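Asks: Could you have a look at this structure, given as structure tokens, before my questions?
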Amino acid sequence: MSDFLLNPFSEIAEVSVGQHFYWQLGSYEVHGQVLLVSWFVLGVIFLLSFAANSNLKSTPEGLQNFTEFVTEFIRDLAKTQIGEEEYLKWVPYLGTVFLFIFVSNWSGALLPWRLIELPHGELAAPTNDINTTVALALLTSISYFYAGIRKKGLGYFKRYVQPAAFLLPINVLEDFTKPLSLSFRLFGNILADELVVGVLVSLVPLIIPIPIMLLGCFTSAIQALVFATLAGAYIGEAVEDHH
């Protein structure tokens, strides 16, 4: 019975396009390309943050001005979705998710990872792997459950029988579909963009793929914004007071 329940999830975890670069850790196979590019993405974020904020000035300029703009943007997003009372404590989470997805998406749209030769497999954006997007979606689910229970205690679960008890199955199903929709929306859009760019680059290497790459940068930014906005909306819904 347990195998029956686990098999669908293990099959979802194997959804992929292209050749993966695997690391063998004991009896487990780890997607090495995801870890490598994720470390690269985190390194880029860290270096930009350090370079911009290592010597803060009262009148921001250059990179400091840019990072303050991004911070204010994320604060406004959190405030809009979660509300004035609760939003500040969730700014770090929404900011981390937004920046990681944004830089990951742009790394796939701008950097020719597939031109880097590996003994086995190929590199790609972390968000091009279903395991990454599912992990981000599950973190968001855990976050809004935590937010609701932290504020309302066990009374949080009353929402499943509101406004009527017969809606219980639908409300429970909604919580299962939220991470699915978050993960597959992000994965599908990024995968489609990389496939289109990859095919065009292989067919017409010069000039023609550039407009598609620019469009990919735009859609990649939109996907990061959509994910962070929905994550904030779910957290805001969890902490909302129902009268």
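Asks: Where only protein heavy atoms count, and the probe is 1.4 Å, what is the accessible area per residue for segment 54-110 in Å²? Don't jump to the answer; show the numbers that get you there.
Replies: Values: 3350 Å² over 57 residues.
In whole numbers, segment 54-110 has 59 Å² accessible per residue.
Asks: Can you pull the one-decimal nm distance between simple spin-label points at residue 42 and residue 55, each 7 Å off the Cα toward Cβ?
Replies: My value for the distance between the label points is 2.9 nm.
Asks: Along Cα→Cβ, 7 Å out, is where each label goes; now give me the distance between the ones at residue 135 and residue 69 in nm to one decimal.
Replies: Between residue 135 and residue 69, the label points sit 3.1 nm apart.
Asks: Suppose the chain between residue 174 and residue 151 were pulled fully straight at 0.36 nm per residue; how much longer would it get relative to their current alpha carbon spacing? If you can, show how the numbers build up before the last one.
Replies: Numbers: separation 23, 0.36 × 23 = 8.28 nm, distance 2.07 nm.
Additional length available on full extension: 6.2 nm.
Asks: Something else now. If R₀ is 41 angstrom, what is the calculated FRET efficiency for the pair residue 226 and residue 27, using the beta carbon separation as r and rounding to 0.05? Spell out each step's value before the answer.
Replies: Numbers: r = 37 Å, r/R0 = 0.90.
E(calc), rounded to 0.05, equals 0.65.
Asks: Further question: How would you classify segment 150-191 from its alpha-carbon gyration tensor, with a ≥ b ≥ c the square roots of the eigenvalues: rounded for a/c under 1.5, else prolate if a/b is greater than b/c, otherwise oblate? Don't skip to the answer; put the middle values down first.
Replies: Working: a/c = 5.22, a/b = 2.05, b/c = 2.54.
Oblate, because a/c is 1.5 or more while a/b does not exceed b/c.
Asks: Carbon and sulfur: what percent of segment 122-223's accessible surface (1.4 Å probe)?
Replies: Working: 4340 of 5430 Å².
So the carbon and sulfur contribution to the accessible surface is 80 percent.
Asks: Going 7 Å from the Cα of residue 162 in the Cα-to-Cβ direction, what parts of segment 73-102 have a backbone nitrogen less than 19 Å from that spot?
Replies: 81-87
Asks: Now for a separate question. In nm, to one decimal, how far is the residue 80 label point from the residue 110 one, both placed 7 Å along Cα→Cβ?
Replies: Calculated label separation equals 2.4 nm.
The values are calculated or read from the model by the stated rules, or taken from the named source; none is laboratory data. Note that this is a predicted model, so its numbers are computed, not measured. As a convention, Cβ positions derive from the backbone with ideal geometry for all residues, glycine included, and neighbour counts pool all protein chains shown. When the accessible area is computed, the model is the full protein with side chains, heavy atoms only, and any ligands, DNA or RNA have been set aside. Shrake-Rupley method; radii C 1.70, N 1.55, O 1.52, S 1.80 Å.
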